[in-house]
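Read the structure below first, then the notes.
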């Protein structure tokens, strides 16, 4: 009987972790990346799509130059797309989670 109660909980935890509820991907120690992600956080917070687009271009350039790892780039792209779709609050929350989870 105990197995029946524990199994769904284990599945739920595993699902949440695989869906991104664990640690965010690391963006590395590049100062330019850090500055751009910080600017993106400000842009999302004030709902400034023009500034979000500028940050997106800079992040794409940094990624192309090998300064922003692929998994972090993809996570930031999902956040940017959420903001573009009008999900400012969830984009802000996700970006805060991303930034707080960075190890320096």
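Okay, here's what the table says:
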read-out	value
Neighbours by Cβ (under 7 Å, 6+ apart or cross-chain): first from segment 73-90, on the phi < 0 side of the Ramachandran plot and at pLDDT below 95; second assigned to a loop (DSSP other than H, G, I, E, B) and surrounded by 14 or more Cβ atoms within 10 Å (Cβ to Cβ)	none
Tally of residues being over 13 Å from residue 45 (Cβ atoms) and in a helix (DSSP H, G or I) across segment 73-89	10
From the options 43, 75, 65, 83, residue that is more than 14 Å from the chain's Cα centre (by Cα) and surrounded by 17 or more Cβ atoms within 10 Å (Cβ to Cβ)	43
Some residue of segment 22-34 being within 19 Å of residue 84 (Cβ to Cβ), in contact with a helix residue (DSSP H, G or I) (Cβ under 8 Å, 6 or more places away or on another chain) and in a helix (DSSP H, G or I)	no
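The values are calculated or read from the model by the stated rules, or taken from the named source; none is laboratory data. Owing to the predicted nature of the structure, the values given are computational and were not obtained by experimental measurement. A quick note on method: Cβ atoms are made from the backbone with ideal geometry, for glycine too, and the neighbour counts reach across all protein chains shown.
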